[in-house]
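Working notes for the structure below.
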Amino acid sequence: MPPIKLELLNNIGKTATDYGVSVYIVGGTVRDILLGRTPRDIDIVVEGDGIKLSHILASKMGGSVLSVSRFLTSKLRIKGNAFDIVTARRESYPRPGALPIVSQGSLRDDLARRDFSINAMALRINAWGQEQIADPFGGQKDLEHSQIRILQETSFQDDATRIMRAIKYEKRLGMVLEKGTESSLISNLSMLDTIEGYRLRKELKLWFEEPLCSSILVRASDLGVIEALDNGLNQGVTFVRKESWLWDKKMETERFWLSLIAYFMNYDECSHFIARFGFRGGLAKIIWATNRLKCLADSLILTDKGDLQYQRYLDCYDHSILRIVALINRNNIVGETIDIYLSKTKS
Ligand code: ATP
Ligand code: MG
């Protein structure tokens, strides 16, 4: 971790000690430190009133509290560094897939509500460097064995977004699902139906932002997750599986993957996909535009006529979508026509 962040954490630990509460870094932050990776964000849990501590830290350390939520969480910014500071919580699920009911709890309660053992560890920072790691679910052992393991049998029923998260971690961290976790995942695929669209959309975006997104999509398909999410995704993922050049495209955007997948959908599948995941605004437009372009491309292939007349129609499309469609069709007349068009209209 960068020295500036370590120093800030040290100060957060000292201030929390003065204020009389125990404070820990938790979750993915601890996992990444143990793996020698740079954590993407710094999650902090407080055994006590986390929101109050956030305000105290902001005033003592010259920061600001950006937001607080009814789930006892807050976002703090100090000297350009962001921290998520939350009150240690206990959770219960009123019904599968629903958002949990949250109340203040102990550190153990807070670790017990987490998705996987490797994400359920904490490191106390009151006295930085002196305290043992809290690891009640064997996260370190699972890290050593490179396995993703749920904490309780009902984990995927309580929150099926964990199905999508599990595959993301497998590929990102080069790990595998522990046997029991894999069978639980497979037998709970139908629980994805209990999750609201916006939550699935958020997890899908996280897949799309991963460098190994292709591997995630293919693994998800092998496990039956793609089918369970939305049938319409199948053909796009089949294309990804076949086209090895795509596997090297490490950092693509959400727009790229959405467009690629939408290209292989028919009109009804697009409608269903948009409705199920609740796409709106720009992203919904990308999906529809790709779908329309595919119809144009199909007619190009039918007539085998990459002439200028067709190129006129291409004026209606965003260049980023045109590039993706050209890539998909890089060995046929469609790709050729779009490439000519793009080279002519390059400013
Ligand atoms: P990343 O490196 O992508 O940020 P992360 O593990 O930090 O990965 P976040 O989405 O930032 O993941 O969430 C922080 C922590 O919150 C996780 O490590 C995990 O302990 C917990 N968490 C997040 N989502 C869930 C969930 N759906 N169910 C249970 N615990 C979760
Ligand atoms: Mg994180």
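The values are calculated or read from the model by the stated rules, or taken from the named source; none is laboratory data. Here the structure is a predicted model, which is why all the values come from computation and not from measurement. Note: ideal-geometry Cβ built from the backbone for every residue, glycine included; neighbour counts use all protein chains shown. Only protein heavy atoms, including side chains, enter the accessible area calculation; ligands, DNA and RNA are left aside. Shrake-Rupley method; radii C 1.70, N 1.55, O 1.52, S 1.80 Å.
So which of L342, L258, L293, L233 ends up being more than 24 Å from L206 (Cα to Cα), crowded, with 21+ Cβ neighbours inside 10 Å and modelled with pLDDT of 85 or more?
Unique residue meeting the criteria: L293.
Suppose we filter the stretch 296-319 for residues that are at pLDDT 85 or above and either open to solvent by 40 Å² or more (accessible area, probe 1.4 Å) or aliphatic (A, V, I, L, M) (or both); how many remain?
2
Within the stretch 130-148, is even one residue in contact with a Ser or Thr (Cβ under 7 Å, 6 or more places away or on another chain), of a type in the set (A, V, I, L, M, F, W, C), within 12 Å of ligand 1 (Cβ to nearest atom) and closer than 24 Å to S215 by Cα?
Yes; the residues of the stretch 130-148 include at least one that is in contact with a Ser or Thr (Cβ under 7 Å, 6 or more places away or on another chain), of a type in the set (A, V, I, L, M, F, W, C), within 12 Å of ligand 1 (Cβ to nearest atom) and closer than 24 Å to S215 by Cα.
Of L173, L212, L177, L217, which residue is open to solvent by 40 Å² or more (accessible area, probe 1.4 Å) and closer than 25 Å to L35 by Cα?
Just one listed residue meets the conditions, L212.
Of the residues that make up the stretch 104-125, is at least one modelled with pLDDT under 90 and either more than 15 Å from ligand 2 (Cβ to nearest atom) or in a helix (DSSP H, G or I) (or both)?
Within the stretch 104-125, none of the residues are modelled with pLDDT under 90 and either more than 15 Å from ligand 2 (Cβ to nearest atom) or in a helix (DSSP H, G or I) (or both).
Starting from residues that are closer than 19 Å to L206 by Cα and outside any helix (DSSP H, G or I), keep the ones in the stretch 138-170 and report whichever is most open to solvent (accessible area, probe 1.4 Å).
D159
List the residue pairs whose Cβ atoms are under 7 Å apart, where the first residue sits in the stretch 1-26 and is over 15 Å from D43 (Cβ atoms), the second is among the aromatic types (F, W, Y) and open to solvent by 50 Å² or more (accessible area, probe 1.4 Å), and the two are 6 or more positions apart or on different chains.
N10/W128
Taking the condition of being open to solvent by 10 Å² or more (accessible area, probe 1.4 Å), in a helix (DSSP H, G or I) and more than 7 Å from ligand 1 (Cβ to nearest atom), how many residues in the stretch 17-44 meet it?
Residues in the stretch 17-44 being open to solvent by 10 Å² or more (accessible area, probe 1.4 Å), in a helix (DSSP H, G or I) and more than 7 Å from ligand 1 (Cβ to nearest atom): 6 in total.
This table checks each residue for (1) of a type outside the set (D, E, K, R); (2) outside the structural domain of Y198 (by TED's automatic domain parsing); (3) within 13 Å of ligand 1 (Cβ to nearest atom).
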residue: I51; (1), (2), (3): yes, yes, no
residue: R89; (1), (2), (3): no, yes, yes
residue: R95; (1), (2), (3): no, yes, no
residue: A98; (1), (2), (3): yes, yes, yes
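What tally of residues in the stretch 78-95 results from selecting those that are open to solvent by 50 Å² or more (accessible area, probe 1.4 Å), in contact (Cβ under 8 Å) with a residue 40 or more places away in the chain, closer than 20 Å to I56 by Cα and outside any strand (DSSP E or B)?
1
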